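The values are calculated or read from the model by the stated rules, or taken from the named source; none is laboratory data. Bear in mind the structure is a predicted one, so any value in this text is a computation, not a measurement. Every residue, glycine among them, receives a Cβ derived from its backbone with ideal geometry; neighbour counts consider all protein chains shown.
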Ligand SMILES: Cc1cc2nc3c(=O)[nH]c(=O)nc-3n(C[C@H](O)[C@H](O)[C@H](O)COP(=O)(O)OP(=O)(O)OC[C@H]3O[C@@H](n4cnc5c(N)ncnc54)[C@H](O)[C@@H]3O)c2cc1C
C-alpha cells in the first residue's frame, strides 16, 4: 500500500489549482486521482471560458468572495505564465423599459461587491458595439475570456514540478476512514492518505457517500443541469461579451467570444438525469430567438451545434441559488476530509482562490 500525505480526487481545474497550491513550497507527498486519461475532460473544458467579475451574487456568499479574488489572481497568473486570455469586458443589456429595474438591481449589487460598472444608454451602447441592439445596459470592464485548456496545462505543469503525482485512468472505487487516515481503493493499488480533498465535480456526492456521509442530510445532492452552446458560423466584428438579464437558473443565453475570435451563443439551462454531452439540434430555434433580440444581424442558419457542459448544481428545480460548499468534515467525524460540492459557475474564475482557501483551511 502506498502511503502519502494528501490525496485529491479529480483533475478538473479545481483539483489542479488545489494541487498546485498545496504543493507550493512544501515537502508533502500529494497525489491526484483522475478517472480519465487526462486532466480537464469534464466540466472544466465544457464551459463559457469567461473570467467573471463577481457581480451577480450577494457579497456575503462564498462564491462571490472567491470569484472576486479569483478574477484578480487569474489575470495575474495568465500574464505571468503566458496563458491566453483577453480582458474583453462585457455588456449586460436590457431591451425594454420594464427590465430597467432589474438592471438597476444588478448595478447596485455590482457596486456592493466592489465591481466597477459603467451604466450606458442606448447611444453609448451603439457607440461601443454598433451591431448590438439594446435599450440600456452597463459595461463591466473586469470580465474577460480565457483559454481554459492552457490554464489547466499551466497548473498541471506547476503541480508536477512541485512533485505532485498524477494518477490518470484511476477512478476512486471506494474509500474508508480507519480513524487516522483514508484508505483509497483504486483498480490499480491501495493508497493511504491523511488528508483527502474531494474535488470530483459531478462525482463529488458519490465520493462523500463512500465515506458514509448522508448526502441529503448534508445538503450535498446535486441536480445536474445541462447547458448547450451553438457556434455562430459567420464572423462579425463584436468586441465585448454580451449578456441579457439573468434568469433564475442561469445568466441567460449570452454571446461570448472564444480566444480564437469565434462567436458562440449559450448556454441554455435544463435539468437532466444522465450525463451526456450531445447538443440537441432542435434547440437551434430557441437559441436564435433568444439571441436575435439583441443581435439582429444573425440568421437561423448561422447557428451550428457546438458543445455542452453539465452544471453540478445544488439548486434543485424551483429552488433558490445555492452557494459553493467547501467543507472540512471534522464535525461529521471525518477530520482531514474536505468536500467541494456544487462548484458550478464561477468555478473556473474562482479556481485559484479556491486553491488558496483549501490550503488555509488545512493549515488552520
Ligand atoms: C455550461 C457551463 C458554463 C460555465 N461557464 C463558466 C464560466 O464562463 N466561467 C466560470 O468561471 N465558470 C464557468 N462554469 C463553471 C466551471 O466550469 C466549473 O465550476 C469548473 O469547471 C468546476 O471544476 P471542477 O474541477 O470542480 O470539476 P470537473 O472539471 O468536473 O472536474 C472533476 C474531475 O473529477 C473526476 N472524478 C469524478 N469522480 C471521480 C472518481 N470517483 N475518481 C477519480 N476521478 C473522479 C472527473 O473525471 C473530473 O475530471 C461553467 C459550467 C458549465 C457547466
State yes or no: is residue 271 in the same structural domain as residue 289 (by TED's automatic domain parsing), more than 30 Å from residue 179 (Cα to Cα) and surrounded by fewer than 21 Cβ atoms within 10 Å (Cβ to Cβ)?
yes
Which listed residue is crowded, with 21+ Cβ neighbours inside 10 Å and in a loop (DSSP other than H, G, I, E, B), from 345, 351
345
When the residues of segment 334-358 are filtered to those that are more than 16 Å from the ligand (Cβ to nearest atom) and touching a residue at least 60 places away in the same chain (Cβ under 8 Å), which remaining residue is farthest from residue 216 (Cα to Cα)?
336
Scope segment 300-333; condition more than 16 Å from the ligand (Cβ to nearest atom) and not in a loop (DSSP other than H, G, I, E, B); matching residues:
300, 301, 302, 303, 304, 328, 329, 330, 331, 332
Among (1) assigned to a loop (DSSP other than H, G, I, E, B); (2) more than 21 Å from the chain's Cα centre (by Cα); (3) under 29 Å from residue 319 (Cβ atoms), residue 295 falls short only on (3)
The residue from 288, 297 that alone is more than 16 Å from the ligand (Cβ to nearest atom), assigned by TED's automatic domain parsing to the domain that holds residue 233 and at pLDDT below 95 is 297
Where residues in segment 116-145 are out of contact with any strand residue (DSSP E or B) (no Cβ under 7 Å at 6 or more places or on another chain) and assigned to a loop (DSSP other than H, G, I, E, B), which of them is nearest to residue 100 (Cα to Cα)?
133
Does residue 21 satisfy the condition of being surrounded by fewer than 20 Cβ atoms within 10 Å (Cβ to Cβ) and either under 14 Å from residue 354 (Cα atoms) or touching a strand residue (DSSP E or B) at 6+ places or on another chain (Cβ under 8 Å) (or both)?
no
Residue list for segment 146-189, restricted to those being surrounded by 15 or more Cβ atoms within 10 Å (Cβ to Cβ) and assigned to a loop (DSSP other than H, G, I, E, B)
147, 162, 164, 170, 171, 172, 181, 186
